[in-house]
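Report on the following structure.
The values are calculated or read from the model by the stated rules, or taken from the named source; none is laboratory data. Everything quoted here is computed from the prediction, not taken from an experiment. Glycine also receives a Cβ, built like all others from the backbone with ideal geometry; neighbour counts cover every protein chain displayed.
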Amino acid sequence: MIVRFETTSQTIADAIHGVHHGSVQPVQYITTDSRLVEHKSLFVPIAGNKFDGHDFIEDVCKTGKCTSFLTHKQDIVSIANYYNVSAIYCSDTLQAYTAIARWHRKKFDIPVIGVTGTNGKTTTKEMIAHVLSTEGECLKTQKNYNNEIGVPFTILHLYDNHRYAVIEMGMNHPGEISRLSQVALPTIAVITNIGEGHLEFLGSTENVAHAKAEILDGMAAGSICLLNNDTKHTDIVKKKAREKNIKIITFGLSGDIAPTSYALFHNKTVVEYDSVEITIPAYGFHNVYAAIATIAVAGIMGKSIVKIKEALHNFKPVAMRSDIRKGRCTIIDDCYNANPLSMEYAFKSASMVFTDKRKIAVLSDMKELGSLSKDLHHEVGEKLAISGFSYLFIWGNDARCYADGATKNGFDKSQVKIFDTKEELIAFLLDFVHSDDVVLVKGSRSMKMEEVVNALEQ
């Protein structure tokens, strides 16, 4: 990860209250990746689970491109003198990296939209950024850079030409979004929803709500939080907003900003708002919420509903999030991730759009659900059974509980098949599916269900 800069090692040391060693050096790049060091780089070694960036400090100094480095190891400082570079000693390099990003963020007086939630963060971020970018340069989170390294990395890409920034914030432990918010300092927050995500680390949906509400921690009084009105535990967010004097505006199918109507199709989502029909060329119920959140943000920015309509007409959906593909059948590629709420949205989308098709759900595990995992898989199976699907094919461990939920809620056992391996599942599907079938493929990221999609596409 490389960031273009124009500053000095002493300025950065002062900004993060670090101790500067050696001569003052120019800094034009900041990188946490030793492989991406460029001319006049500040190298930030991060200690991770597999590697410690400190092990690569001497290597990057040997290149002659690195002019400075951070370290929280006192014995490393001497390397700076040997290679005639500067060292900035700090208590923790990751905290220092976020402090540099916060210092940089404060240079810019622009709208910064922070996006968090259990589901729909990336689609909502992309949709908001797409609309705002039609009237000025808009910085946005790239790829899945929504964590404690990715958010500072994104913020450090803020330049003078940017009029807006849209920053996605993810988490799986309490306190993470609070730290990210205090780096990004959002002027507007969007909470897409609150559901059963990361329960292994959070324990309950109430705790999820508290964790999502941490996005308010970096916001000034008088800022705005857009909150999904149809989600769980909105009272927790509203209470914190009142305490911080942050204005809550609700959105969704109900709330302050809501569509008059909506309709789902295999190649588009249509939302009517303020007597204007808006067409988004993307499949899936989640796009309704993303569109309404986008309308809300763009409205606060002063954009007319007609301009919003024109922009959303050209929106490109995000890959592996309810992506319609053609192969041996119609494939709904929803493999990027899975939790109970996203499963519910996926079932609803398919049942509303493909009413006259034989629908097959190919599902794998939902991860990080902790002690409630089996119960939540069971509940998802119950919802599938009333969603108009004809078959349920399963691979995974807790995924087997989908079968119990489905069969106890009306599915016949002949409609369900459990596979021991993904390879067996794929082999069966290749013989079973017909060209007119619709196959939903979904599971958590670690299950790599895109391998099923790839096989069906051949």
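If residue 206 passes every condition in (1) under 30 Å from residue 45 (Cβ atoms); (2) surrounded by fewer than 22 Cβ atoms within 10 Å (Cβ to Cβ) but one, which one does it miss?
All conditions pass for residue 206, except number (1).
I'm told residue 188 meets every condition in (1) touching a residue at least 24 places away in the same chain (Cβ under 8 Å); (2) closer than 16 Å to residue 129 by Cβ; (3) surrounded by fewer than 20 Cβ atoms within 10 Å (Cβ to Cβ) except one. Can you identify the failing condition by its number?
Result: residue 188 passes all but (3).
With the structure loaded, tell me whether residue 408 is within 22 Å of residue 321 (Cβ to Cβ), of a type in the set (Lys, Arg) and surrounded by fewer than 19 Cβ atoms within 10 Å (Cβ to Cβ) or whether it fails that test. Break it down stepwise before answering.
On the way: within 22 Å of residue 321 (Cβ to Cβ): no; of a type in the set (Lys, Arg): yes; surrounded by fewer than 19 Cβ atoms within 10 Å (Cβ to Cβ): yes.
No, not satisfied.
Kindly provide the set of residues from the range 25-35 that are more than 22 Å from residue 11 (Cβ to Cβ) and surrounded by 14 or more Cβ atoms within 10 Å (Cβ to Cβ), ordered by number. Show your work before the answer.
First, the residues of the range 25-35 that are more than 22 Å from residue 11 (Cβ to Cβ): 33-35.
33, 34 - these are the residues of the range 25-35 that are more than 22 Å from residue 11 (Cβ to Cβ) and surrounded by 14 or more Cβ atoms within 10 Å (Cβ to Cβ).
Given (1) assigned by TED's automatic domain parsing to the domain that holds residue 141; (2) under 22 Å from residue 126 (Cβ atoms); (3) in contact with a Leu (Cβ under 9 Å, 6 or more places away or on another chain), identify the lone condition not met by residue 277.
All conditions are met except number (3).
For the range 273-292, name all the residues that are in contact with a Phe, Trp or Tyr (Cβ under 7 Å, 6 or more places away or on another chain) and either more than 22 Å from residue 347 (Cα to Cα) or aromatic (Phe, Trp, Tyr) (or both).
Hit for the range 273-292 is 285, nothing else.
Residues that are more than 14 Å from residue 439 (Cα to Cα) and within 28 Å of the chain's Cα centre (by Cα): which strands (runs of 3 or more DSSP E) entirely in the range 318-425 hold 1 or more of them? Walk me through it before giving the result.
On the way: elements: 323-326, 330-334, 359-363, 391-395, 416-419.
Because the criterion is at least 1 residues that are more than 14 Å from residue 439 (Cα to Cα) and within 28 Å of the chain's Cα centre (by Cα), the strands (runs of 3 or more DSSP E) in the range 318-425 that meet it are 391-395.
Tell me the strands (runs of 3 or more DSSP E) entirely within the range 209-290 that contain at least 3 residues that are over 18 Å from residue 168 (Cβ atoms), without any contact (Cβ under 8 Å) to a residue 40 or more places away in the chain and not polar (S, T, N, Q).
Details: elements: 224-228, 247-251, 261-264, 269-273, 276-280.
Here the list reads 269-273, 276-280.
Within the range 86-95, can one find any residue that is more than 30 Å from residue 204 (Cα to Cα) and under 15 Å from the mean Cα position of the chain (by Cα)?
No, because not a single residue in the range 86-95 is more than 30 Å from residue 204 (Cα to Cα) and under 15 Å from the mean Cα position of the chain (by Cα).
Being under 22 Å from residue 457 (Cβ atoms), in the same structural domain as residue 126 (by TED's automatic domain parsing) and crowded, with 22+ Cβ neighbours inside 10 Å is true for just one of 293, 282, 338, 298. Which residue is that?
Sole residue among the options that is under 22 Å from residue 457 (Cβ atoms), in the same structural domain as residue 126 (by TED's automatic domain parsing) and crowded, with 22+ Cβ neighbours inside 10 Å: 282.
Collect the residues in the range 424-447 that are exposed (fewer than 14 other Cβ atoms within 10 Å of the Cβ) and within 22 Å of residue 377 (Cα to Cα), keeping them in residue-number order.
Those that are exposed (fewer than 14 other Cβ atoms within 10 Å of the Cβ) and within 22 Å of residue 377 (Cα to Cα): 424, 446.
Restricting attention to the range 411-458, report how many residues are under 20 Å from residue 322 (Cβ atoms) and of a type in the set (A, V, I, L, M, F, W, C).
So the answer is 12.
Scan 210, 198 and give me the residue that is modelled with pLDDT under 95, out of contact with any Leu (no Cβ under 6 Å at 6 or more places or on another chain) and not assigned by TED's automatic domain parsing to the domain that holds residue 338. Walk me through how you get there before you give the answer.
Working: 210 fails: modelled with pLDDT under 95.
Selected residue: 198, the only one of 210, 198 that is modelled with pLDDT under 95, out of contact with any Leu (no Cβ under 6 Å at 6 or more places or on another chain) and not assigned by TED's automatic domain parsing to the domain that holds residue 338.
Report, by residue number, each residue of the range 248-299 that is closer than 25 Å to residue 442 by Cβ, more than 21 Å from the chain's Cα centre (by Cα) and among the aromatic types (Phe, Trp, Tyr).
262, 265
Would a scan of the range 234-246 turn up a residue that is closer than 30 Å to residue 351 by Cβ, basic (Lys, Arg), surrounded by 14 or more Cβ atoms within 10 Å (Cβ to Cβ) and in contact with a Ser or Thr (Cβ under 9 Å, 6 or more places away or on another chain)?
Scanning the range 234-246, I find no residue that is closer than 30 Å to residue 351 by Cβ, basic (Lys, Arg), surrounded by 14 or more Cβ atoms within 10 Å (Cβ to Cβ) and in contact with a Ser or Thr (Cβ under 9 Å, 6 or more places away or on another chain), so the answer is no.
For (1) crowded, with 20+ Cβ neighbours inside 10 Å; (2) farther than 19 Å from residue 27 by Cβ, each residue gets a yes or a no:
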{"position": "45", "(1), (2)": "yes, no"}
{"position": "52", "(1), (2)": "no, yes"}
{"position": "63", "(1), (2)": "no, no"}
{"position": "68", "(1), (2)": "yes, no"}
{"position": "73", "(1), (2)": "no, yes"}
{"position": "76", "(1), (2)": "no, no"}
{"position": "87", "(1), (2)": "yes, no"}
{"position": "91", "(1), (2)": "no, yes"}
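What pairs come out if I take residues in the range 99-124 that are assigned by TED's automatic domain parsing to the domain that holds residue 295 and pair them with residues that are charged (D, E, K, R) and in a helix (DSSP H, G or I) whose C-beta lies under 7 Å away, six or more apart or interchain?
115/121; 115/125; 116/212; 117/212
Looking only at the range 1-47, count every residue that is under 21 Å from residue 148 (Cβ atoms), without any contact (Cβ under 8 Å) to a residue 60 or more places away in the chain, in a loop (DSSP other than H, G, I, E, B) and touching a strand residue (DSSP E or B) at 6+ places or on another chain (Cβ under 6 Å) and tell me the total.
1
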